[in-house]
């Protein structure tokens, strides 16, 4: 094959990208419900940005080009008894949508599994090719 | 090329194209969640015809690659449908194995002839 990107590279890099996505989801879920004393210091959900890396005609893998923080505003809650509450008695809760993050996690796990399957198939085909004529 | 063509017939070219198509379908699966990615595939019949008439496997792939028409469009512009891609991938893997066994048969025949047993 002339292309420097083998099936192993393609699936391997896609697995890395999905792993980054899974890590951001884990961070978001871990910080769901965490509160802060001000709007600016409240935890913002992390969003990985996937980008295609092309190598020749049709051959492409994927990479995480950047990890952005969500622009959604932190949720204001009136809790005067909270030790972090500001002068108005408000605290700011992280803008994490737990349900959406769980759905994203399932999709990530599926995508990861698909790439593992691709790699297993490619490996067994390569080994069969090596055994040609024996 | 002339000797290998008579040795392995259509199967040498077919194996090269199958391996290229494997990488192409792996690319589609890898980009299943990339916004804006357009799934691609080759017209295997045409590519094999081209390879048979003397062009390299790479050129044959480049000339016959096209975009997959999705059954349903998605909001983010991605046209990868995992069910389709996985079916194609599995099909292509089986066809690769089939080509391998054809090649194995050819090699065994030759070895028998050489050894004269």
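The values are calculated or read from the model by the stated rules, or taken from the named source; none is laboratory data. Nothing here was measured: the structure is a model prediction, and the numbers come from that model. When we count neighbours, we look across all protein chains shown, and the Cβ atoms used for this are built from the backbone with ideal geometry, even at glycine.
Can you tell me which residues in the range A:54-73 are touching a strand residue (DSSP E or B) at 6+ places or on another chain (Cβ under 7 Å) and over 17 Å from residue A:21 (Cα atoms)?
Here is the first cut: in the range A:54-73, the residues touching a strand residue (DSSP E or B) at 6+ places or on another chain (Cβ under 7 Å) are A:54, A:57-58, A:60-70.
Once the filter is applied, which keeps residues that are touching a strand residue (DSSP E or B) at 6+ places or on another chain (Cβ under 7 Å) and over 17 Å from residue A:21 (Cα atoms), the range A:54-73 yields A:54, A:57, A:58, A:60.
Is one or more of the residues making up the range B:49-61 within 11 Å of chain A (Cβ to nearest Cβ), within 28 Å of residue A:107 (Cβ to Cβ) and in contact with a strand residue (DSSP E or B) (Cβ under 8 Å, 6 or more places away or on another chain)?
no
If you take the residues of the range A:20-40 that are within 13 Å of chain B (Cβ to nearest Cβ) and within 30 Å of residue B:22 (Cα to Cα), which of them is nearest to the chain's Cα centre (by Cα)?
Ranking the qualifying residues of the range A:20-40, first place goes to A:21.
Answer yes or no as to whether residue A:58 is within 14 Å of chain B (Cβ to nearest Cβ) and on the phi > 0 side of the Ramachandran plot.
Criteria met by residue A:58.
Among (1) over 28 Å from residue B:58 (Cα atoms); (2) surrounded by 19 or more Cβ atoms within 10 Å (Cβ to Cβ); (3) within 14 Å of another protein chain (Cβ to nearest Cβ), there is one condition residue A:43 misses while meeting the rest; what is its number?
(3)
Take residue A:10 and tell me if it is buried (at least 19 other Cβ atoms within 10 Å of the Cβ), touching a strand residue (DSSP E or B) at 6+ places or on another chain (Cβ under 6 Å) and touching a residue at least 40 places away in the same chain (Cβ under 8 Å).
Numbers: buried (at least 19 other Cβ atoms within 10 Å of the Cβ): yes; touching a strand residue (DSSP E or B) at 6+ places or on another chain (Cβ under 6 Å): yes; touching a residue at least 40 places away in the same chain (Cβ under 8 Å): yes.
Yes: the conditions hold for residue A:10.
I need a count of the residues in the range B:26-48 that are over 16 Å from residue A:13 (Cβ atoms) and either within 12 Å of chain A (Cβ to nearest Cβ) or in contact with a helix residue (DSSP H, G or I) (Cβ under 8 Å, 6 or more places away or on another chain) (or both).
So in the range B:26-48, the residues over 16 Å from residue A:13 (Cβ atoms) come out as B:35-36, B:38-48.
Cutting the leftovers down to either within 12 Å of chain A (Cβ to nearest Cβ) or in contact with a helix residue (DSSP H, G or I) (Cβ under 8 Å, 6 or more places away or on another chain) (or both) gives us B:35-36, B:38-44, B:46-48.
Selection size over the range B:26-48: 12.
Tell me, yes or no, whether the range B:80-91 has at least one residue that is over 21 Å from residue A:112 (Cα atoms) and modelled with pLDDT of 90 or more.
If we filter the range B:80-91 for residues that are over 21 Å from residue A:112 (Cα atoms), which is where we start, we get none.
No: zero hits.
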